[in-house]
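Colleague: I'd like to ask some things about the structure below.
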Amino acid sequence: DLRDERCVSAIAIVHSRFSTNTFPSWPLAHPFRFVAHNGEINPVRGNRNRMHAREAMLASTKIPGELDRLSPICTPEASDSASF
């Protein structure tokens, strides 16, 4: 993203440490463009359970018939940041 000439910013946040509450691996590193944190998101199980319970209520006029492709919204095997 930072090599893309359309990306203009005065600052960049880099987070090089990866997961402490799951087995460390690069797929669980923080690849996110809008979130960087240095701690665990403690209510992650509750967040995942609530999102799973609400998936059936999701609706969109922009992608009719395609919304099921997004499920599960929160992948249980992913890091706490991925479910955030």
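We did not get these values from a lab; they are worked out from the coordinates using the rules stated. No experiment lies behind these values; they were computed from the predicted model shown. Glycine also receives a Cβ, built like all others from the backbone with ideal geometry; neighbour counts cover every protein chain displayed.
Colleague: Among 73, 11, rank each residue by its count of other Cβ atoms within 10 Å, from fewest to most, as a rough exposure measure. All intermediate terms of the calculation are to be shown ahead of the outcome.
Modeller: Numbers: 73 12, 11 4.
Listed from fewest to most nearby Cβ atoms, that is 11, 73.
Colleague: Could you list 74, 7 so that the one with the fewest beta carbons within 10 Å of its beta carbon is first and the one with the most is last? Let's see the in-between values first.
Modeller: Working: 74 18, 7 10.
Starting with the residue having the fewest Cβ neighbours, the order is 7, 74.
Colleague: Now, a different point. Test of understanding: ordering 61, 75 by Cβ neighbours within 10 Å, fewest first, what list do you get? Before the final figure, lay out the partial values.
Modeller: Working: 61 5, 75 11.
In increasing order of surrounding Cβ atoms, one gets 61, 75.
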